[in-house]
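The values are calculated or read from the model by the stated rules, or taken from the named source; none is laboratory data. Just so it is clear, the model here is predicted, and its values are computed rather than measured. Neighbour counts run over all protein chains shown; Cβ positions are idealised from the backbone, glycine included. Surface areas here come from the heavy atoms of the whole protein model, side chains and all, with no ligands, DNA or RNA. Shrake-Rupley method; radii C 1.70, N 1.55, O 1.52, S 1.80 Å.
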Amino acid sequence: MNSGVFGAEDGFCAEIDAEGRMVAIEAGDAGQLDEELLRIVRDMIAARIEHAAFVWAPAGARVPRLFSIAGHQRGGNLAPSAVVTAVPCEELPFDLTMRELDIITLVAVGLSNAAIAERLSLSTRTVTTHVEHIMQKLGAASRTAAAAAALDGGLVKLPFPGEMGDFSVLALGRALTRRQAGTASRPRPVKRPLLIGAALPLSGHAAEDGEEMVNASQLAIDEINARGGIDGRRVELAVADVDIFDVDSVRAAFTQMADQEADAITSGYLAHQDLAHEVIADAGGIYLHAATLAAMERRVSQDPGRYGRIFQVCPSDSHYGPRFVQFMEELRVSGQWAPSSRRLVIIQSGWDLTDLGLAEAAALADRLGWQLEVMRPAGDSKLAWSAMAERIRSLEPGAVMIGHYLVDGTVGFLDAFLAEPSDTLVYSLYAPSVPKFYERMGDRAEGLVWATVTGTYSDPLARAFATQYANTFGRLPGRSHAGIAYDRVQLIAQAWRLAENPRDRDAVTKELRRIVYRGVNGAYYFGDTSQTAQTYAGTGSDPSLSLAHLIFQIQRGQQRILSPHPYTDGDFVPQSWLTRSRTRGRAA
């Protein structure tokens, strides 16, 4: 596929420094420039030629190529360079013949007809006749006008026609310098944009989340481009719709991204995340995903050679179970909650790759004196989750964690539970971060506690993002995946800026592994073998290198962060159906 200015199969585009080294290859490969061409580029950079165009037609070449060289001043202390582009030229412009190209080249650099005749072993009369034909084809009224048109249009042949002798490319340089002294600055070749491919759910399940991911990604890209892009390259977004539950849709979306030769690929969450990993690993692409999967952590850690360009931008789901148990203990010990029993229940969704850290949660519960029970619904339909609510009502555990990420199932459980609630603290995962959840639940969502391993903070940085999002799209973003998508693009952009060549995948991967980026959802650092964002739950890790495991409560229609410090902006309020806790509160 040719997704840029020139594709590898039909042309070339690269940035070359004053010593002839490739700074960045936009299209094609280094083998398309031989040593003579590199010498020409070096000479033109040294002579400070702003722009040169010519036809490269060495002896034995099957098809000539049209070359353009534009001087480029790089930032900082970097030496000047040149952007070199080339395309095949099956037919010369203005229907010129190769012999006419030889002659107009020598006219352009100042040779007389007699000198051209001697150089090409032709008669002076033959050269004069050729010059007349060239003037007619170019619509030039004079020999001088024809020479100017040739320089302007790149109708100059290199290597120069005839025996070289002391005749060098510097003759062309002098001609170009004279020509440019009295003309306006020429346009420079545009570098091929850096492409971010995004496999996101635009329809079906999770479409509302997908819309937020697209919006926030584009918001970040617009900000980057407004600041000049990445070393003169614009950043562009290509979105492929994906059904998160359909294996064929996942395969098609990621194959499309790979075929487009995207410079980085992103996605949200998928039921078939393992397949996405395989497609990207086969293609050798750079991939940043937001599936909270310990299984994918292990896959990357165990085979870095294959999966070394894959990064998980959020901590894994295995933190959810232990953090639920720990937070229930914190509420009990602090006296904010009087549990109806010492029984806790985790209802785990049926996704094959999901791992809520149940073994660690059970061990922690046992140490703290809780009894932990795990239940699984008969599928992920709204009806199946409604049935689970009936079971919870009859068991009346102290607290229940709804281990499900989608809005429909979570709302199905809450609809059934709230119709006749038991004295059970309800703790959900992720789904309340999506604006659609509150639209569905309205005031009935009041008091719900929920957690996410990556959520948007309430600090000034996050508030600025939320304001900009609302001003652009007409409503506030949710509290998780909009922030992730925005941060993910900014993170990729930072790695591109730090890598000398943003198209060098190994160099960009190296930068992603070492940088720390503080975004609206926290700090991203991929320093361990799994290349997964670190988690912070209040103890045991460095919050400056981590994403906080945020626990929210919906209070008077607002999302308040209850944990961890220092990110909190609210205190726990007992849910209206928690009889013991509210009775204790009134007595106090």
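Structure notes:
- Test: residue in the stretch 536-549 that is in a strand (DSSP E or B) and farther than 14 Å from S458 by Cα: yes
- Among the residues making up the stretch 273-298, those that are open to solvent by 10 Å² or more (accessible area, probe 1.4 Å), in contact with a helix residue (DSSP H, G or I) (Cβ under 8 Å, 6 or more places away or on another chain) and free of Cβ contacts under 8 Å to residues at least 40 places away in the same chain are L275, V279, A281, D282, A283.
- Leading residue by the ranking (nearest to the chain's Cα centre (by Cα)) among those in the stretch 382-396 that are surrounded by fewer than 21 Cβ atoms within 10 Å (Cβ to Cβ) and not aliphatic (A, V, I, L, M): K382
- Options E360, E329; residue that is surrounded by fewer than 22 Cβ atoms within 10 Å (Cβ to Cβ), modelled with pLDDT of 95 or more, within 37 Å of the chain's Cα centre (by Cα) and assigned to a helix (DSSP H, G or I): E360
- Looking across the stretch 341-355 at every residue that is modelled with pLDDT under 95 and crowded, with 18+ Cβ neighbours inside 10 Å, the one that is farthest from L372 (Cα to Cα) is identified as W351.
- Of the criteria (1) touching a residue at least 40 places away in the same chain (Cβ under 8 Å); (2) more than 21 Å from R323 (Cα to Cα); (3) surrounded by fewer than 18 Cβ atoms within 10 Å (Cβ to Cβ); (4) out of contact with any Lys or Arg (no Cβ under 9 Å at 6 or more places or on another chain), which one G379 fails: (1)
- Residues of the stretch 245-263 satisfying the condition of being open to solvent by 40 Å² or more (accessible area, probe 1.4 Å) and without any contact (Cβ under 8 Å) to a residue 60 or more places away in the chain: F245, D246, V247, D248, R251, A252, T255, Q256
- Residue list for the stretch 205-244, restricted to those being part of a loop (DSSP other than H, G, I, E, B) and surrounded by fewer than 17 Cβ atoms within 10 Å (Cβ to Cβ): R227, G228, G232, R234
- Exactly one residue among A365, A399 is touching a helix residue (DSSP H, G or I) at 6+ places or on another chain (Cβ under 6 Å), open to solvent by less than 50 Å² (accessible area, probe 1.4 Å), at pLDDT 95 or above and over 16 Å from T424 (Cα atoms), and that residue is A365.
- Selection count where residues are surrounded by 17 or more Cβ atoms within 10 Å (Cβ to Cβ) and modelled with pLDDT under 75, scope the stretch 9-22: 1
- The stretch 93-105, residues that are touching a residue at least 12 places away in the same chain (Cβ under 8 Å) and over 15 Å from D152 (Cα atoms): D95, L96, M98, R99, E100, D102, I103
- Candidate set from the stretch 107-125 (those that are over 49 Å from the mean Cα position of the chain (by Cα) and within 26 Å of V63 (Cα to Cα)); member that is surrounded by the fewest Cβ atoms within 10 Å (Cβ to Cβ): S121
- Here the stretch 515-534 is the region considered, the condition is being modelled with pLDDT of 95 or more and more than 15 Å from S544 (Cβ to Cβ), and the residue that is surrounded by the fewest Cβ atoms within 10 Å (Cβ to Cβ) is T529.
- Exactly one residue out of V411, V374, V407 is within 21 Å of H481 (Cβ to Cβ), open to solvent by 10 Å² or more (accessible area, probe 1.4 Å) and out of contact with any Pro (no Cβ under 8 Å at 6 or more places or on another chain): that is V407.
- Residues in the stretch 467-490 that are surrounded by fewer than 23 Cβ atoms within 10 Å (Cβ to Cβ) and either closer than 30 Å to V83 by Cα or without any contact (Cβ under 8 Å) to a residue 40 or more places away in the chain (or both): T467, A470, N471, G474, Q490.
- Strands (runs of 3 or more DSSP E) (entirely within the stretch 42-142) containing at least 1 residues that are in contact with a Lys or Arg (Cβ under 6 Å, 6 or more places away or on another chain), modelled with pLDDT of 85 or more and closer than 30 Å to R192 by Cβ: 51-56, 81-88
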